[in-house]
Amino acid sequence: MGSPPGAPSSTREDLIRAGLELADALPLEKLYAGVTTAATAERAGVTTGSFFHHFRSAEQFADAIVRSYIHERPLNDEVVEELLDALEHADLADAITMTLLDTWQLMSRDPGMAAELRGQMHLFAHNGVPLVHPSDELTDEITVVGDVLRSVFRVQIDAATDGWQRLLESSDIRVLEPFDPRRLSVAVHALLIGLLVSHAVDPSAVDDQLFADTAATLAGAVTHTELRPPRIVLAAEFVPEADVSPQARSGARRRQESRQRVVDATTGMFEGGWDSVSATEVAEAAGVSTQTVINLFGNVRKVCAATFGAHLPAIEGAIDAAGPDRPMDALREGLLALARAAADDPHPARALLTERLGIRAARDFDLDDDDIRVLVPIGIRLTFVVAELLGTETTEPGTPDLTATLVDFVLGHAVPRPRRAEETVDLALRLLPAQALL
């Protein structure tokens, strides 16, 4: 507001400016002038005498109202847990979008949260008003209204920063300079507050997807993914460790149970190919929501690939039948069982091969978690067989890579040549180094 630079101000403008300045400096009891003692006691269902038993004056009551904004907000922890959960099944952008869409819908539609935001904005308009009744329960650092708001925002930003730190520690995602987890958290928090205020003023201007989409775009722009070094991933790594929080263990167990329920319900469902089955049909068969299917698997092709696991007991049994002292026979029988399973169940076999090759290409052809996750225990068992045959360690990069190559070769050749399983395996074994064939 005001006149152009250099132009004299009018009396009207001077009065308006003075009014705004006075409003900003009002004592707290004047901010809540309409919240009278009688009305407050009546709304609370108590007498005015009870009111004055707890608050000696309207001034003290106003201070207490302002300080009440400092409280725990469990929603912060819930958002972090949901984001970490979503990252088990989706990339960063999709995980943020899914998680923050739920967060936005809750915060923009919950009457209590909307009322608290309005109250915070009221306090923001009187940022410098002093608090004249320090509480024994709070530090002396909280002396003005702005201190309360800073405390409220810092708690939320601290929780978001902790969430980013946990995300970085458990994934290959890194924040690019000049950003760090805290600066990113401040930016996303400011985006949320700004959009909530805009939505409250003009709901038609802010759709439900805007916050999630913008936050995901921002996070994607200031992060990158580092590829992990080659290594074999053991099945034991999918069991939550003892020092993991009970919530994380429970979440991992629920995800595993949900995945298995979907796989069990859809095994044999892809005789016409994965393109003939929709995510909705998969969800209906498993008794879960379509979003759950997407969260757990990403797409129907991955569901189809996972159903190939129904053949794993037969493949493992073929390895065991060969005996522990005959690694070449064990390898041949295991691959032969794999070839026959692929010929009998071609669509899951093709889906599995597609997923494996896509993952390995994206990871610079390193053995990836998803290779082992789909093929537990056969991927591990075959790797140990190959290691014994070659006289190497399972953790040497060449050992799991060779095993993955053998599996991919058999899957790729057994489907188009269903009646030539033995020939396929014989060709695959030629990929072994010369010393293994002696």
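Observations on the structure shown:
- Which numbered condition VAL282 fails, given (1) at pLDDT below 90; (2) over 28 Å from PRO400 (Cβ atoms): (1)
- Across the range 373-432, the qualifying residues are those that are under 40 Å from the mean Cα position of the chain (by Cα), of a type in the set (D, E, K, R) and closer than 17 Å to ILE319 by Cβ, and the one among them that is modelled with the lowest pLDDT is ARG381.
- Check on LEU312, in a helix (DSSP H, G or I) and not assigned by TED's automatic domain parsing to the domain that holds ALA351: no
- Pairs where the first residue, in the range 314-339, is closer than 21 Å to ARG420 by Cα and the second is at pLDDT 90 or above and among the polar types (S, T, N, Q), C-beta under 7 Å, 6+ apart: ALA339/THR424
- Within the range 10-61, helices (runs of 4 or more DSSP H) holding 1 or more residues that are among the acidic types (Asp, Glu) and more than 18 Å from VAL132 (Cβ to Cβ): 11-24, 37-44
- When residues of the range 196-209 are limited to those that are within 23 Å of the chain's Cα centre (by Cα) and in contact (Cβ under 8 Å) with a residue 60 or more places away in the chain, the one nearest to MET98 (Cα to Cα): GLN209
- Leading residue by the ranking (nearest to the chain's Cα centre (by Cα)) among those in the range 315-346 that are surrounded by fewer than 15 Cβ atoms within 10 Å (Cβ to Cβ) and small (Gly, Ala, Ser): GLY317
- Single residue of the range 99-127 satisfying the filter (part of a helix (DSSP H, G or I) and among the small types (Gly, Ala, Ser)) that is surrounded by the fewest Cβ atoms within 10 Å (Cβ to Cβ): GLY112
The values are calculated or read from the model by the stated rules, or taken from the named source; none is laboratory data. What you see is a predicted model; the values in this text were computed from it and never measured. Cβ coordinates were reconstructed from backbone atoms using ideal geometry, including for glycine residues, and neighbour counts include every protein chain displayed.
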